[in-house]
């Protein structure tokens with residue numbers, strides 16, 4: 001695990017453990033590429049995932065305590081949320097299109 005002063009979300013006075021966060025999470029089919037990762041501290045990583053997961057589980061609603069999270073926590077969580085939703089919509093459209101091709105009487 002890397003250590004450093006810089007975190008995409010916070011500035012620290014002492015070196016702290018840092019983690020690579022996948023903006024579009026790998027668990028939701030996000031790519032494991034550098035442009036999909038940011039370096040953040042463990043606390044920020046936990047908060048970003050909590051906030052994003054809340055929105056995913058509650059149809060996009062904000063967590064009741066959303067104001068307690070800093071702007072950058074909300075920004076990165078929202079960015080991940082929208083990428084997951086976009087992927088889901090694209091996948092649904094693709095499945096629907098494939099299903100329509102298989103329906104009797106449809107053009108192949």
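If the condition is being within 20 Å of residue 71 (Cβ to Cβ) and surrounded by 11 or more Cβ atoms within 10 Å (Cβ to Cβ), then segment 6-15 contributes 6, 7, 8, 9, 10, 12.
If you go through segment 10-20 one residue at a time, do you hit one that is in a helix (DSSP H, G or I) and free of Cβ contacts under 8 Å to residues at least 24 places away in the same chain? No, segment 10-20 contains no residue that is in a helix (DSSP H, G or I) and free of Cβ contacts under 8 Å to residues at least 24 places away in the same chain. Within segment 16-31, restricting attention to residues that are in contact with a helix residue (DSSP H, G or I) (Cβ under 7 Å, 6 or more places away or on another chain) and within 16 Å of residue 79 (Cα to Cα), the residue that is surrounded by the fewest Cβ atoms within 10 Å (Cβ to Cβ) is 29. Residues in segment 42-87 that are assigned to a helix (DSSP H, G or I), in contact (Cβ under 8 Å) with a residue 60 or more places away in the chain and more than 14 Å from residue 22 (Cα to Cα): 72, 87.
All of the numbers you see were taken from the coordinates with simple rules; none came from a lab. These figures come from a predicted structure and were not determined experimentally. As a convention, Cβ positions derive from the backbone with ideal geometry for all residues, glycine included, and neighbour counts pool all protein chains shown.
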